[in-house]
Amino acid sequence: MYPKDLKYDREHEWVKVEGDTAVLGISHFAQDQLGEVVYVDLPSVGDSVVAGESFGEIESVKSVSELFSPVTGEIVEVNEALGDAPETVNEDPYGEGWMVKVAVSDPAELDELMSADEYEAFIAEEA
């Protein structure tokens, strides 16, 4: 359920490292807790993000939640398809439901993130 090639943070975002770029999205656990996603507010290409700070919002039928960046850098791509099909986050959180791609400015931040096994243990502790 939690891909082993990804890293995770305590806010339930995932990171897929592709060279010096990080692809960000929310975990299966997060989308499951949110319920049906109806809107995603994402930053624009060229915007800066800071690790631990909000970079957008996700709205479901249950609530509105902030999205927190696990890394610092510049937005280089935004998943525009989520504007028309936000439910993709529920259907495919690790694939087509990705949110943004960030040019990572401090690769050492990636070492602070959890492995899939650590993330699963983290979720179990929260339950």
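Quote the convex hull volume per residue of the chain, based on C-alpha atoms, as a whole number of Å³. The partial results should precede the final answer.
On the way: hull volume 11.7 nm³, N = 127.
Once divided by residue count, the hull of the chain is 92 Å³.
Bin width 10 Å, origin at 0, all Cα-Cα pairs of region 80-122: what percent of pairs per bin?
23, 33, 37, 6
Multiply the residue separation of GLU112 and ASP41 by 0.36 nm, subtract the distance between their alpha-carbon atoms, and state the gained length in nm to one decimal. List each step's numbers first, then the result.
Details: separation 71, 0.36 × 71 = 25.56 nm, distance 2.60 nm.
Taking GLU112 through ASP41 to full extension adds about 23.0 nm, to one decimal.
Output the relative contact order of region 1-107, whole-number percent, from Cα pairs under 8 angstrom with separation of 6+ residues. Don't skip to the end; give the middle numbers.
Numbers: 246 pairs, mean separation 31.6, N = 107.
Relative contact order, region 1-107: 30 percent.
Please compute the Cα-Cα pair-distance distribution of region 8-73 with 5 Å bins starting at 0, giving whole percents from short to long.
4, 17, 27, 28, 15, 7, 1, 0
Just to verify a number: what accessible area does PHE29 come out at with the full protein assembly present, 1.4 Å probe, Å² rounded to tens?
50 Å²
Need the C-alpha centroid separation for region 6-46 versus region 64-115, integer Å.
4 Å
Carbon and sulfur atoms: what percent of the 1.4 Å accessible area of the chain do they account for?
Looking at the chain in its full context, I get 45 percent from C and S.
The values are calculated or read from the model by the stated rules, or taken from the named source; none is laboratory data. Note that this is a predicted model, so its numbers are computed, not measured. Accessible surface areas use protein heavy atoms only, side chains included; no ligands, DNA or RNA. Shrake-Rupley method; radii C 1.70, N 1.55, O 1.52, S 1.80 Å.
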